[in-house]
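J.: The structure that follows is given in the form of structure tokens.
Where a number appears in this text, it was derived from the coordinates with a stated rule and is not lab data. Note that the structure is predicted; figures quoted are calculated from it, not measured. Cβ atoms come from the backbone with ideal geometry, glycine included; neighbour counts cover every protein chain shown.
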Amino acid sequence: MTASTSTSAASSTNRDEAVPDADIVVIGAGVVGVACALELSRRGRKVLVIDRESPGMGASFGNAGHMATEQVFPVADASLLWRIPGMLMDSTGPLRLDWRYLPKAAPWFMRLMWNMRAEPARRATAGLRTLNEASLAAWQSLLNDIGQARLLKTDGSLLVHEKPDTAEELEGVAKRMQAQGVPVERFPRDKVLATAPELTEAIQGALFFPDTAHVTNPYRLVEALARAAEQHGARFVQGDVKTGRVRDDGVHLETSTGSVTASRVLVACGAHSAPLVAALSGLRVPLDTERGYHLMLPREPHRLPMAVTSLERRFIMTPMEKGLRLAGTVEFAGLKRAPNMERAWQLERLAQGMFRRPLDSKGATPWMGFRPSLPDSLPVIDQVGPGKRLWLAFGHHHLGLTQAAVTARLVGSFLNEGSTANSSKPTARALPSLEPYRLLRFA
Ligand SMILES: Cc1cc2nc3c(=O)[nH]c(=O)nc-3n(C[C@H](O)[C@H](O)[C@H](O)COP(=O)(O)OP(=O)(O)OC[C@H]3O[C@@H](n4cnc5c(N)ncnc54)[C@H](O)[C@@H]3O)c2cc1C
């Protein structure tokens with residue numbers, strides 16, 4: 001990858017503190033950080049991106065590639081509460097808690113449940129809907145601008161059901177989504193099978209979401225954004241940012257390879273953001289991770305024409321240039337425990353039942369990644385600290401790919417003196433209000 005240079009943070013360090021290394025240091029080169037780096041460098045700022053790894057190797061590497069604009073409801077859903085104990089017992093089921101992790105996760109779960117009340121759930125839905133409604137257009141415009149529109153397939157997606165007795169549940173989903181303005185079409189069985197002829201005849205029907213899309217290679221997407229950012233002068237260096245200080249006159253960071261100074265810093269470290277926010281601001285963020293898995297079937301790139309989610313089996317299948325990606329599952333086990341790849345292989349067993357011909361799983365590769373999850377299902381997008389020099393863009397949980405381009409626009413709006421981000425004045429690039437995404441909602 002061109003963006004991943006072997007340059008260390010230290011070698012880019014300017015020892016003369018009077019001349020900062022960058023206008024803005026972006027910590028974290030996932031899809032969120034790199035989209036922000038591109039936006040900021042396109043707007044003429046000197047940007048330095050620091051990541052422990054090369055760009056796109058975190059959660060952004062292995063997501064399901066679904067531009068999930070239809071997902072406007074928070075993860076915390078009171079209607080699912082009664083099902084959770086049973087789900088948690090099953091070690092390869094769609095939802096799992098490693099009981100050893102419970103003491104650490106308990107405060108987060110308490111907040112999650114608190115957010116299931118009607119008013120917080122309404123706020124979260126409104127906040128998600130606002131971002132999601134702007135997401136696809138933001139991606140289309142961004143990818144057109146950098147000549148990468150082909151990475152995005154705007155064919156919509158399907159939510160299918162196989163059992164006659166889940167028809168009511170599916171209809172409930174359709175009604176709730178329509179009530180939120182999500183475009184939904186009901187596909188009877190024949191239409192589903194005409195759209196995706198490889199699916200099993202057991203399929204009963206589906207919801208079709210025309211305003212969704214998928215990317216054909218989430219890693220290559222980040223790579224393309226990074227290359228475009230480099231063309232606008234952004235520099236990418238490898239290093240682990242350990243700590244730092246934000247003062248009235250600038251930012252000082254300590255990395256594994258030296259110190260870095262800048263006028264401002266953006267923390268975009270996904271699920272790893274909380275310790276840096278604490279070090280730089282003293283503020284505690286209730287960020288945890290919902291670990292997710294995928295299994296990539298390299299011999300099956302053409303089985304499906306679009307992303308297909310199973311209502312009953314609770315996972316998604318997305319056609320990609322390097323195969324069929326089976327993805328999903330939520331596991332609460334923190335950032336440190338080794339992955340349980342049996343969960344990824346379980347996706348293959350689930351997927352086999354979805355097709356009329358067996359899937360060829362030779363050469364399949366499993367993967368696990370860390371969704372960055374806040375208990376109200378909304379990301380943090382904000383500018384805080386002395387002189388508002390500490391910028392934040394993390395916590396996009398299941399929707400970081402979907403919301404990265406619109407997040408980058410919001411972060412770009414921090415550059416506008418007297419910010420238009422919260423202006424009610426309509427502009428060509430009207431932006432959502434930042435209020436629902438402020439860090440101080442956790443204070
Ligand atoms: C199985 C699965 C399926 C998913 N499917 C979808 C989907 O279909 N659609 C969707 O919209 N979203 C999906 N998501 C969620 C999405 O992938 C994430 O929300 C998104 O990738 C988060 O991006 P990020 O840039 O914030 O974090 P990341 O991609 O994790 O990037 C964070 C980066 O920060 C770096 N970093 C961390 N700490 C430091 C430090 N101290 N110093 C230097 N660097 C540091 C890491 O190395 C990493 O590269 C899925 C997630 C999973 C796990």
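J.: Viscosity 1.306 mPa s, temperature 10 °C: what is the translational diffusion coefficient of the chain from Stokes-Einstein with a Kirkwood Rh over Cα pairs, rounded to a whole number of µm²/s?
T.: Using the Kirkwood radius from Cα pairs, D works out to 71 µm²/s.
J.: Go ahead and set up a Gaussian network model of the chain, Cα springs under 10 Å, then flag whichever of Glu185, Glu223, Glu119 fluctuates most.
T.: Among Glu185, Glu223, Glu119, the largest GNM mean-square fluctuation belongs to Glu119.
J.: Hey, another quick one. Just rank Leu410, Leu440, Leu326, fewest to most, by other beta-carbon atoms within 10 angstrom.
T.: So the residues, fewest neighbours to most, are Leu440, Leu410, Leu326.
J.: Determine the gain in length on full extension of the stretch Glu168-Ser91; use 0.36 nm per residue of separation and subtract their C-alpha separation, reporting nm with one decimal.
T.: 24.9 nm
J.: Tell me the angle of helix 167-179 to the major Cα principal axis of the chain, expressed in degrees between 0 and 90 and rounded to the nearest ten.
T.: On a 0 to 90 degree scale, this one is about 40.
J.: Evaluate E = 1/(1 + (r/R0)^6) for Asp240 and Lys104, where r is the Cβ-Cβ distance and R0 equals 25 Å; express this FRET efficiency to the nearest 0.05.
T.: 0.65
J.: Would you mind counting up the charge near Val260? Only other residues with Cβ under 9 Å from its Cβ, with Lys and Arg at +1 and Asp and Glu at -1.
T.: -2
J.: What's the angle, to the nearest 10 degrees (0 to 90), between helix 218-231's Cα axis and the longest principal axis of the chain?
T.: With rounding to tens, the tilt is 30 degrees.
J.: For the range 132-228, take every pair of Cα atoms, bin their distances at 5 Å starting from 0, and report each bin as a whole percent.
T.: Percent of Cα pairs in each bin: 3, 12, 19, 17, 15, 13, 12, 7, 2, 0.
J.: Let me ask you something else. Which pairs, out of Lys104/Lys322; Lys104/Lys175; Lys46/Lys104; Lys153/Lys362; Lys153/Lys388; Lys104/Lys163, put more than 28 Å between their alpha-carbon atoms?
T.: Lys104/Lys322; Lys104/Lys175; Lys46/Lys104; Lys153/Lys388; Lys104/Lys163
J.: For Leu283 paired with Asp249, estimate the spin-label separation in nm (one decimal), with each label point 7 Å from Cα along the Cα-to-Cβ line.
T.: According to this spin-label approximation, the distance is 2.5 nm.
J.: Net charge within 13 Å of Lys46 by Cβ-Cβ distance, Lys/Arg positive one each and Asp/Glu negative one each, not counting Lys46 itself?
T.: Charge balance near Lys46 sits at +2.
J.: Now for a separate question. May I ask you to compute the full-extension gain from Arg441 to Gln352, defined as 0.36 nm times their residue separation minus their alpha-carbon distance, rounded to one decimal in nm?
T.: Separation in residues times 0.36 nm, less the Cα-Cα distance, equals 27.7 nm.
J.: Ok, one more. Lys322 to Lys362: extension gain in nm, 0.36 nm per residue of separation minus the Cα-Cα distance?
T.: Stretched out fully, the Lys322 to Lys362 stretch lengthens by 13.1 nm.
J.: Now for a separate question. Starting from the alpha-carbon convex hull of the range 16-171, give the projected area averaged over all orientations, in nm².
T.: Hull-based average projected area comes out at 14.5 nm².
J.: Quick one: helix 342-352 against the long Cα principal axis of the chain, what's the angle to the nearest 10°, folded into 0 to 90?
T.: The helix 342-352 is inclined about 40 degrees to the chain.
J.: Further question on the same structure: With a cut-off of 18 Å, note down the residues of the range 170-189 whose backbone N falls inside the zone around a label point 7 Å from the Cα of Ala118 toward its beta carbon.
T.: Once the point is set 7 Å along Cα→Cβ of Ala118, 176, 179-180 turn out to lie under 18 Å by backbone N, inside the range 170-189.
J.: Further question: Over all directions, average the projected area of the Cα convex hull of the range 89-154 and note it in nm².
T.: Averaged projected area of the range 89-154's Cα convex hull equals 7.7 nm².
J.: Hey, can you rank 267-273, 392-398, 288-294, 307-313 by average C-beta count inside 10 Å, highest first?
T.: Top of the packing list down: 392-398, 267-273, 288-294, 307-313.
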